[in-house]
Amino acid sequence: MNDLLKELSLALGKEQVHTDDLTLIASAADAGCYRKIPKIVLKPQQEKQVIDSLKTLHKTGTPLTFRAAGTSLSGQSISDSVLLQARGHHWSSFEILEEGRLIKAQPGITGTRLNQLLAATGMKFGPDPASINSAMVGGNIANNASGMS
Ligand SMILES: Cc1cc2nc3c(=O)[nH]c(=O)nc-3n(C[C@H](O)[C@H](O)[C@H](O)COP(=O)(O)OP(=O)(O)OC[C@H]3O[C@@H](n4cnc5c(N)ncnc54)[C@H](O)[C@@H]3O)c2cc1C
């Protein structure tokens with residue numbers, strides 16, 4: 001574990017590798033009924049750090065779970081191994097293309113924000129889960145989220 005922590009800190013920078021009780025316990029549940037306390041929470045700020053994390057964890061066969069907003073209902077976004085959170089302002093950039101028929105977005109942006117960005121084009125983001133104010137694109141896509149329409 002110490003070797004893994006050292007390698008992850010080298011790959012991502014110490015500030016992005018969290019093992020403090022507060023972070024681990026705050027990440028131990030999603031909106032479901034299960035609880036798993038992660039050993040490490042990674043908060044990368046750029047794509048290269050995600051790639052380096054995956055390479056490092058792959059070498060040691062350490063399981064990794066992604067987490068966006070953590071509103072999953074069946075334990076999809078918890079782990080007793082390593083959790084990687086790609087959300088927040090480092091993961092919220094977007095590009096509106098083809099007058100709103102396409103939007104290219106990072107995974108840490110909420111569906112509500114996407115719809116605000118698209119409003120002027122008259123288009124909407126397809127998935128409309130009831131959790132759309134909190135749930136993020138990465139989680140929407142991986143969960144194949146849908147909603148009332
Ligand atoms: C009150 C409430 C109402 C809800 N209503 C609906 C509904 O109407 N319809 C519906 O479908 N769901 C609903 N949900 C469930 C959930 O909110 C959705 O499935 C939502 O899309 C999950 O998004 P999230 O950002 O919270 O993802 P998370 O829960 O953080 O993650 C979901 C999955 O995506 C993976 N993931 C996250 N980020 C990435 C990434 N960057 N790369 C790869 N994988 C990633 C995670 O590993 C996990 O498997 C609801 C939940 C609540 C609490």
Checklist line | Residue that is within 14 Å of L84 (Cα to Cα), among the aliphatic types (A, V, I, L, M), over 15 Å from the mean Cα position of the chain (by Cα) and at pLDDT below 95, where the choices are L12, L8, L4, L57 | finding: L12
Next item on the list: Please find, within region 94-123, the residue that is nearest to the ligand (Cβ to nearest atom) out of those that are surrounded by 15 or more Cβ atoms within 10 Å (Cβ to Cβ) and in a loop (DSSP other than H, G, I, E, B).
Entry: P107
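Going by what's in this entry, would T23 be described as in contact with a Ser or Thr (Cβ under 9 Å, 6 or more places away or on another chain), assigned to a helix (DSSP H, G or I) and in the same structural domain as Q76 (by TED's automatic domain parsing)?
It is false that T23 is in contact with a Ser or Thr (Cβ under 9 Å, 6 or more places away or on another chain), assigned to a helix (DSSP H, G or I) and in the same structural domain as Q76 (by TED's automatic domain parsing).
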Check: Given the conditions (1) farther than 25 Å from S27 by Cα; (2) in contact with a helix residue (DSSP H, G or I) (Cβ under 8 Å, 6 or more places away or on another chain), and given that L97 satisfies all but one, which numbered condition is not satisfied?
Finding: (2)
Check: Can you name the condition, by its number, that G147 falls short on among (1) over 26 Å from V17 (Cβ atoms); (2) near the ligand (Cβ under 9 Å from one of its atoms); (3) modelled with pLDDT of 95 or more?
Finding: (3)
Next item on the list: Considering each of T56, T65 in turn, give the residue that is surrounded by 13 or more Cβ atoms within 10 Å (Cβ to Cβ) and in a helix (DSSP H, G or I).
Entry: T56
Check: Assuming D80 fulfils every condition listed in (1) buried (at least 16 other Cβ atoms within 10 Å of the Cβ); (2) closer than 20 Å to A142 by Cβ apart from one, which condition is it?
Finding: (1)
Check: Looking at region 124-142, which of the residues that are closer than 9 Å to T71 by Cβ and surrounded by fewer than 19 Cβ atoms within 10 Å (Cβ to Cβ) is farthest from the chain's Cα centre (by Cα)?
Finding: P129
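Every residue in region 118-147 that is of a type in the set (A, V, I, L, M, F, W, C) and more than 18 Å from W91 (Cβ to Cβ), please.
Start the filter on region 118-147 by keeping residues that are of a type in the set (A, V, I, L, M, F, W, C), which leaves 118-120, 123, 125, 130, 132, 135-137, 141-142, 145.
Residues satisfying the conditions are L118, A119, A120, M123, A130.
The values are calculated or read from the model by the stated rules, or taken from the named source; none is laboratory data. Note that the structure is a prediction, hence the values are computed from the model and not measured. Positions of Cβ are generated from backbone atoms using ideal geometry, with glycine treated the same way; all protein chains shown enter the neighbour counts.
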